[in-house]
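Down below is the structure, laid out as C-alpha cells.
What follows is calculated from the coordinates using simple rules that are stated; it is not laboratory data. Since we're looking at a predicted model, the values are computed, not measured. Virtual Cβ from ideal backbone geometry, glycine too; neighbours counted across all protein chains shown.
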Amino acid sequence: VEKYRPQTLQDLISHEDIISTIKRFIDEDHLPHLLFYGPPGTGKTSTILACARKLYSPKEFNSMVLELNASDDRGIGVVRQQILNFASTLIEKFTDNVRFCLICNYLSKIIPAIQSRCTRFRFGPLASDQILPRLNYVIDRENVTVSEDGRKALLSLSGGDMRRVLNILQSTAMAFKEVTEDNVYTCVGHPLRSDITNIINWMLNEPFDIAYKTTDVNTLKITKGFALQDILTELHAYVHRIDFPVEVRVYLVEQLSDVEVRLCAGASEKLQLSSVLAAFTRAKHMVAAEASTY
C-alpha cells in the first residue's frame with residue numbers, strides 16, 4: 001500500500017474540491033489548521049503528506065513535519081493528552097509558525113473546542129470509477145493476472161476504501177496464480193455468489209425447520225468460516241433485486257437491519273441466524289397470503 005501512496009496533490013484520485021481549496025491555501029500562504037475526517041482509505045493521510053511535500057523539500061521534510069499516530073507505541077492515551085493540550089494552548093500559541101492537521105474517522109469524537117480552531121474537510125468513500133483507474137495502474141505495474149470479474153469483486157468489497165482494495169489484491173495475488181472473483185472472495189472469507197444463492201434457495205424454498213434444523217445454512221456458514229455480517233451484506237443487496245411486493249421487501253430490510261444492530265451489540269450469531277431464517281420464512285408467508293387474495 002505504501003509503495004503506491006500518492007506523493008503529490010496531483011496524484012490524488014478524488015476529492016477535487018478539497019484538493020483545489022488546499023492548493024489555493026498553500027499558494028496564497030494562508031494555510032489554516034486542518035481537520036480531516038471520513039472513512040479509512042479515502043486519502044486523508046495522503047493529502048496532508050502531499051501538502052507537506054509541496055511545502056518542504058525532501059531535506060527539510062523530516063525536521064519540519066511531526067506525525068503523532070494513535071496506533072504507534074506511545075498509545076492512545078498520549079495522543080489524547082496531546083490533543084487536549086492543542087485545544088487549550090498549543091494551537092493558538094504557535095499559530096504564527098506551526099500548522100496542525102488532525103485526522104480522524106468520526107467528527108463526533110472531536111471536541112468542539114478543537115473543531116472551532118480548524119477548517120474541516122470530509123473525505124467521503126471513493127466511487128468505483130475513481131478507484132478503478134488506480135487499481136488498473138497497480139495491476140499493470142505489478143504484472144498481476146486479474147480477470148474482469150476479479151476486478152468487479154475487488155471494487156465490490158472495497159466499500160470506497162482504496163487501501164482495502166490494494167490489500168485484498170496483494171493477498172489474493174500471493175495466494176493464487178490468478179485474481180478471479182471466487183479467489184478474491186475465498187481469500188477474504190467472503191461468501192461466494194454460489195454460496196449466497198444456496199442460502200437464499202434454502203430460505204425461500206425449504207420450511208423453517210428443515211432450513212435450520214438440518215443445519216444446511218448453519219453448516220455452510222461454519223464449514224466455510226463465513227461471518228454472518230458478510231452474509232447480511234449480500235442478503236441486503238439481494239432483497240433489493242428480488243421480485244417481492246414492496247411491503248415484503250421493506251419488512252426484510254427492517255429485519256436484516258435489526259439483526260445487524262444486535263450483532264454489533266454482541267448477540268449470538270447462532271440466534272441471529274435463526275432470526276434471519278425466520279424473517280425470510282415470514283416473508284414467504286406474506287407473499288403467499290397476498291397472492292391468495294387475487
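Counting only whole DSSP H helices of the chain, the ones at least 15 Å long by C-alpha along their axis and with mean Kyte-Doolittle hydropathy no lower than 0.0 are 16-27, 44-55, 75-85, 162-175, 228-239, 246-264, 269-292. The Cα atoms of the chain give a gyration tensor whose axes a ≥ b ≥ c have a/c of 1.5 or more with a/b greater than b/c, which makes the shape prolate.
Taken along the Cα-to-beta-carbon direction at a fixed 7 Å, the label points for residue 286 and residue 201 span 2.5 nm.
Let me know the charge dipole size of the chain about its Cα centre in debye, to the nearest 20, where only the beta-carbon of Lys, Arg (+1) and Asp, Glu (-1) is charged. Before the final figure, lay out the partial values.
On the way: 33 positive and 35 negative charges, 155 e Å.
Its charge dipole is roughly 740 debye.
Taking other Cβ atoms within 10 Å as a rough exposure proxy, 162, 286, 174, 203 sort from fewest to most as 174, 286, 203, 162. For region 229-294, applying the loop criterion from DSSP together with a ceiling of 15 other beta carbons within 10 Å to the GluC sites (Glu not before Pro) yields no site.
Projected label points at residue 249 and residue 61, each 7 Å from Cα along the beta carbon direction, are separated by 4.9 nanometres. Translational diffusion coefficient of region 128-188 (Stokes-Einstein, Kirkwood radius from Cα pairs, 20 °C, 1.002 mPa s): 194 µm²/s. Selection among 139, 18, 279 by position relative to the dipole of the chain gives 18 as farthest towards the positive end (Cβ unit charges, Cα centre).
Taking 0.36 nm per intervening residue step and subtracting the Cα-Cα distance, what contour gain separates residue 89 from residue 27 on full extension?
Working: separation 62, 0.36 × 62 = 22.32 nm, distance 2.76 nm.
Length gained, residue 89 through residue 27: 19.6 nm.
Region 242-259 and region 159-220 have Cα centres lying 22 Å from one another.
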